[in-house]
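Remarks on the structure that follows.
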Amino acid sequence: MVYPRMGRVPLPPKGAQHYTTMCQFCNVGCGYDVYVWPAGAEGSPEPGGHGIEYKIVDEAYGRNLVKQPDFTKEHVGLSAEEGEPWISEAMVVKTIRRTWERGRGTGGWREVYVAQIPSPECPINWGNHSVRGGTQAERIWSPWNIAGERRLTKPLVRFGGRLEPVSWEYAIDLVARVVKGVIDKWGIERPGWGKEGHAVFAHRMDHGGGGGGGMIFNTVVGLFFFYGVRTAFARIHNRPFFGPENPAAGDAGPGAMNTSYHDLRLADTIILWGNNPYSTATVMFVKHVLDNLRGATKAEKQRWFNPGEPVIDSRIIIVDPRRTETVEAAEAAAGKDRVLHLQVKPGTDIVLANAIARVIYERYGDVVEEFVNHYRSAAGWGFNWDEEGFQKYVSEALQVGKKTLDEVLTEAESITGVPRDKIELAAKWIAERKEGGYPKRVWLMYEKGIIWNQNYRSIYSLFDLCMIAGATRGLPGCGCQRQGGHQEGFASPAPPPPPWTDERHHIAYPDKSLYDEYYNTKYPRADFYMPTTDFRLANGEGKVLWVIDMDNYRLAPNSQRLKAVVGDRAWRVTRYVFAEAYANVGGKESEPNYDPNALEPVITTPPSSREYAEKVLQALEETGGLFVIVEDIYPTFMVEDAHVVLPAAFNNGEWPDVRMGVHERRFRIADAWLDPPGEAKPDWWILANVAKRIVELYEEEGRGGDPVAERFRKAFKPIWDAMEANARDPTVEVENEIFKTYIANADEAYSRLGVHWEVQYWTPEFKKLDLNILRKLRTIGTVLPITKLDVKPDGTIEVRGVVNIMEPALNDTYREEVVVVKPDGTIVRRIEVVPSNETVRSYVPGHLKPWPAVWDKYPPYVDELIRKGYKYWVVNGRYNAIWQTGYADPNVVEIMARHPMNIVQVNPEDAAKEGLENGDIVVIYNDYGSTTAMVWVTRVVAPGTIFLIMAHPKAVGANAVTTPSVDPAAQNPDYKLTLANLRKIGRADETIIKKVTFKDIRFAVR
Ligand code: SF4
């Protein structure tokens, strides 16, 4: 039953419980206030009549919101920025929760309202939200809504063809026995470690595909797989291996996250490269980018620019093969004369970046020299500007001395499809000095158009461009970083190297031979250091596949191959374990007519978990099969082949986790305010209990001292102790104990375990941090790295963090964000300029290294599709309301009504050639698979290019036609580089055509 819309919004009464969190969806990390109160109670709309109160004095942005909102008056657009949020029905849900009398999860169930409201206090969103974030409450589970119907609530185990509910005890015992058995039988000895479980493959953390992501989540998953199991064969989120997404950013120096919103608001020229932020980082774009373009930040610029430096009308350069909503909205805000859209041909961005850089180098050489001198000047305190690398970049990538500027531009125009006058204009907007001789402040952001397109060289070419454009100077208004897909929050022991080497790393600064080799073999050399699990699963490797919070039947490159191989191998195990039942089903007389294996036998006497596990181990030995475990919050496409399904609690509201918004490394708690449905359990609980059972099994065999048992014991003892303490006293919060042990005090904890570790932007000041302090910092939190944390006896908290991490690296002074929480809860936020020193410089990058990223041809898989004559470049992307796998989208009726099926954008010229019109259904196909979608004829895509949503809740989406191609240095997939053909197969039903629109999106920006 769907809970009917109320037509009105109940307000939290005074005394409603207040929690803070971040949006569960995108990289922006908008802050949200959550209120929980018993159903039946309700606040009144006048100030003081309800439980909403803001206490923020944000001196950095000139905002004073110490107030209680007045809901008696009509709220105008953007009133949330003034602390008067407009609360929609989609922001409130009626559900049930325990009373939490003695701590979280205690007491009886009662009906409650939960309101999840964009936080006006948050310096990221100022109370604004997107269509995704503004409908989060609607996606919170309730006994009366779709989310509640969809959630996984019980452990399930496959008996023959059917997944049947079992107890947690059964599921944990089965999983523990299989994992232990696989380590015992196929484990590989490494000196000092005992057996390592490299036959256990982990696919983990699709932040958007379930409860994944966040430092506490990653810590426990890392402890289990990288320390306990010790497998090198893991896959993270969107990559078929476990490794960084932006290694080139680190090799270049600044790293992928180095700037801030403060800088974005001060920039003279903004460059958005391959990211379409209107759809994929909405509030970042509509709030901060458009504020800058509209001139709303001019006063901030006057304050932070040098005396006498002019404040000009800012400009924006958008590089994208599509004329996206981002281009449309920027033009509406700034006027067409301040927006430059470079409609690059897919895969040729490196050529375009180098051509723009060549124009800058040649025509604005004095500006480049000024920036390079700036970098050189930091040598005094040990910063390393790579002079030799710069000369190589100039000669090999910019081709200075090899080709004239005219030749470079002619070639670039022909390869990229971008007219040379636009390339020259881009260079001018970036590098031409302002009046008075001041260089422009340049801020660049890139994302999947680059990351999923010849990753290493594409990213490096942008950092090279940033270096000569001064975007890496670390001054106010400058920046060069990724946009991110989701928020970040990585903390973990380091993964072990694969069994055949002691090294685990990406290939840095590859020479041309790496690419030549890939063009000949199709397989990346980097797999030697960080195994590519998709290739290896397809080759029959691995015995267990444990998939946590992701759906790779939709998100893996060449996803139909992965589904085919995992499905086939999983069912070999099922048919072996239940061979007797399958043999007896169907009846002999039927065999000539159909395969009785297609029938679902009834397992009248289910095996014990021990018997089941023993059979599985035999099956793995004899069939080449794969034991598949899926752990998630909703049923994924992978569930159809799984042997065990473990229902996870969501780390967005059902257990607390910590993570960062990507654009300024803003670190906060995503608190818990709800109980999980049914028997769902936090991921840490599931892994800690399987670890415990593995240790017990060793002890039962009299092998309690086995190194494998020792590893699990050492890693999980602090968590088991916290769980026991929680059982005695529910106010002991296990997540806080995990945070304190393995995140705040990671240096000590991992030294005890004897492994390398990573906690993003960890500094010694982290040691003073815990979840309760983060709670007091509400949706403001702190930017990382933290330089100082002070908790005073009267309860005052002061925390300081670095605004732009290139600033102390390259300058005598830098900006620190200071957040002070007063004893009455009022938070004051300001930005101070403080002297750089040795300590802060130890937290920030120490080098800038230009490197010649050169492009000469497409990767082999892509080249093959071109040679075979596939006609259309397939641009693959997220699409605003349809987020990631669409895992939470079916919970919102309006989203599914607006996007009832997968869509493909086709240019009118191509539509005419193919005989297509709006609403037709086509199959999109190539050598790697096929998918269907409804045609949307639009000039958003150029002729010869189509756009497919990355995944739709009901369909695989674009990855049905992506190839296995990965970057040979960085191994990130070339999701954005594939080609396909179209064939009309029919027409959508009128009931669908009537309820959707095929109009292009247009904006009127006020
Ligand atoms: S912009 Fe991103 S973080 Fe902000 S509300 Fe929308 S989806 Fe959430």
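The values are calculated or read from the model by the stated rules, or taken from the named source; none is laboratory data. Quick caveat: nothing in here was measured; it's all calculated off a predicted structure. Neighbour counts run over all protein chains shown; Cβ positions are idealised from the backbone, glycine included. Areas reflect the complete protein model, heavy atoms only, side chains present, ligands, DNA and RNA absent. Shrake-Rupley method; radii C 1.70, N 1.55, O 1.52, S 1.80 Å.
Summary of values
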{"item": "Under-5 Å amide H pairs with N972, H placed in peptide plane, nonlocal only", "result": "D967"}
{"item": "Accessible-area value, E309, 1.4 Å probe, nucleic acids and ligands omitted, Å²", "result": "20"}
{"item": "Order by protection proxy (mean Cβ within 10 Å, highest first), peptides 840-849, 433-442", "result": "840-849, 433-442"}
{"item": "1.4 Å probe accessible area per residue over the chain, in Å²", "result": "32"}
{"item": "Within the chain, helix-based [θ] at 222 nm, where runs of 4 or more DSSP H residues each add -39,500 (n - 2.57), nearest 500", "result": "-8500 deg cm²/dmol"}
{"item": "Extension gain (nm, one decimal) between K615 and W381, 0.36 nm per residue minus Cα-Cα", "result": "77.9 nm"}
{"item": "Order by protection proxy (mean Cβ within 10 Å, highest first), peptides 286-293, 253-260, 821-828", "result": "253-260, 286-293, 821-828"}
{"item": "Cut-off 12 Å between beta-carbons: net charge of the residues surrounding C122, Lys and Arg +1, Asp and Glu -1", "result": "+1"}
{"item": "Cα Rg over Rh - segment 567-663, Kirkwood", "result": "1.14"}
{"item": "Farthest positive-ward along segment 881-973 dipole, Cα basis, beta-carbon charges - from L916, V956, T932", "result": "V956"}
{"item": "Check: the chain dipole with +1 on Lys, Arg Cβ and -1 on Asp, Glu Cβ, in debye", "result": "940"}
{"item": "Accessible surface of W126 - all protein chains present, 1.4 Å probe, nearest 10 Å²", "result": "20"}
{"item": "Label point distance in nm, K913-V791, each placed 7 Å from Cα along Cα→Cβ", "result": "6.5"}
{"item": "Positive minus negative residues near V76 (Lys, Arg vs Asp, Glu; Cβ under 10 Å)", "result": "-2"}
{"item": "Segment D927-K768, length gained on full extension (0.36 nm per residue, minus Cα span)", "result": "51.7 nm"}
{"item": "Cα gyration tensor shape for segment 15-70, rounded if a/c is under 1.5, else prolate or oblate", "result": "oblate"}
{"item": "Assigned charges on the beta-carbon of Lys, Arg, Asp, Glu; segment 760-828 dipole about Cα centre (debye)", "result": "260"}
{"item": "K345 accessible area, 1.4 Å probe, all protein chains in place, Å² to nearest 10", "result": "90"}
{"item": "Equivalent ellipsoid, segment 503-605 (semi-axes from 5 times Cα gyration tensor eigenvalues, Å)", "result": "42, 15, 11"}
{"item": "Label point distance in nm, E640-E838, each placed 7 Å from Cα along Cα→Cβ", "result": "6.3"}
{"item": "Segment 752-845 pair-distance distribution - Cα-Cα, 5 Å bins, rounded %", "result": "3, 13, 23, 22, 17, 12, 7, 3, 0"}
{"item": "Overall form of segment 860-995 per C-alpha gyration tensor (a/c, 1.5; a/b vs b/c)", "result": "oblate"}
{"item": "Antiparallel DSSP beta bridges within the chain, as percent of all bridges there, nearest 5", "result": "65"}
{"item": "Summed residue charge, Cβ within 10 Å of L545's Cβ, Lys/Arg positive, Asp/Glu negative", "result": "+2"}
{"item": "The chain - percent of accessible surface contributed by carbon and sulfur, probe 1.4 Å", "result": "50"}
{"item": "Cα Rg over Rh - segment 253-482, Kirkwood", "result": "0.94"}
{"item": "Net lengthening on full extension, K336/R898 (0.36 nm per residue, minus Cα-Cα)", "result": "199.3 nm"}
{"item": "Tensor-based shape of the chain (alpha-carbon gyration tensor, a/c under 1.5 rounded, otherwise prolate or oblate)", "result": "rounded"}
{"item": "Given charges at Cβ of Lys, Arg, Asp, Glu: the chain dipole, positive-most of V175, V359, P850", "result": "V359"}
{"item": "Förster radius 60 Å - calculated FRET efficiency between S44 and H505 (Cβ-Cβ, nearest 0.05)", "result": "0.50"}
